[in-house]
Amino acid sequence: VIGLDDYYDYAGIYYPLYGRDVMDGGCGDHNAYSKFNLGWITTSRLVVTDESITLTLEDFSKNGDTIIIANNWDDKLGAYQEYYVLVYYTNNGLNAGKNSGYFDTEGIIVYHVNAAMYMKEDEEYYDVYNRNTDAVHELGTKDNLIGFVLTTRGDFVYGVGDSMPTVIDDYGNELIYNFTVDALTSEYATITFTAQQTK
């Protein structure tokens with residue numbers, strides 16, 4: 001109705017967000033990429049540091065606060081490029097009530113987004129079906145539009161003391177920033193981002 005495509009593939013074999021999104025399983029809130037794509041999030045902080053920086057991240061359900069990590073961010077492309085977006089997930093707002101427990105705990109969620117545009121007949125577009133269909137299917141690709149960056153334990157949610165594992169982007173490059181969750185309160189999370197040494 002509002003222009004978003006379903007994130008699950010129509011072959012019925014792949015749910016990139018494990019059903020944990022209104023466009024992937026019918027419950028909960030829209031994720032940060034969906035809101036960015038629709039223009040509902042108009043500001044976000046991009047991590048840029050040569051060493052380390054500590055930032056606070058407010059509860060996503062209250063104002064859509066997000067932090068972006070990217071290897072090659074381009075302001076002109078906006079939502080339509082490859083990046084990683086962090087939100088502080090809580091069981092509030094559209095995630096409350098019958099949807100609570102959608103994730104087992106509250107904490108930081110990291111989405112990997114690759115909404116880079118395709119070119120066809122001099123027109124740019126992105127194709128959710130091609131991107132979010134499992135690679136075993138004839139239309140599948142390894143470069144999915146959206147997915148989670150799981151913790152080293154295989155969890156969806158990062159808690160206090162958790163750090164992001166080594167991440168390789170869709171171009172084969174190591175992500176240039178890592179983070180550690182320092183604290184979680186009822187209002188905000190505190191996260192320290194560290195620049196990785198280039199190889």
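The values are calculated or read from the model by the stated rules, or taken from the named source; none is laboratory data. Remember, it's a predicted structure, so these values are computed and weren't measured experimentally. Using ideal geometry, Cβ is built from the backbone for each residue, glycine included, and neighbour counts are taken over all protein chains shown. What goes into the accessible areas is simple: the full protein's heavy atoms, side chains included, and nothing from ligands, DNA or RNA. Shrake-Rupley method; radii C 1.70, N 1.55, O 1.52, S 1.80 Å.
For the stretch 1-101, applying the loop criterion from DSSP together with a ceiling of 12 other beta carbons within 10 Å to the GluC sites (Glu not before Pro) yields E51.
The portion of the accessible surface of the chain made up by carbon and sulfur, rounded to a whole percent, is 48 (1.4 Å probe; DNA, RNA and ligands excluded).
Extending 7 Å from Cα along the Cβ direction at T194 and again at E174 yields two label points whose distance is 1.2 nm.
Near the amide H of Y7, within less than 5 Å, lie the amide hydrogens of D24, all on another chain or at least 5 residues away, with H placed in the peptide plane.
Heavy-atom accessible surface of the chain, averaged per residue, reaches 52 Å², computed with a 1.4 Å probe. Amide H contacts of G147 (H built 1.01 Å from N, in plane; Pro and chain starts excluded): H112 sit under 5 Å, all sequence-distant by 5 or more or on other chains. Restricting attention to the chain, the count of lysine pairs at 8 or more positions apart or across chains with alpha carbons under 25 Å apart stands at 8.
Distance from the alpha carbon centroid of the stretch 147-199 to that of the stretch 5-53 works out to 16 angstrom.
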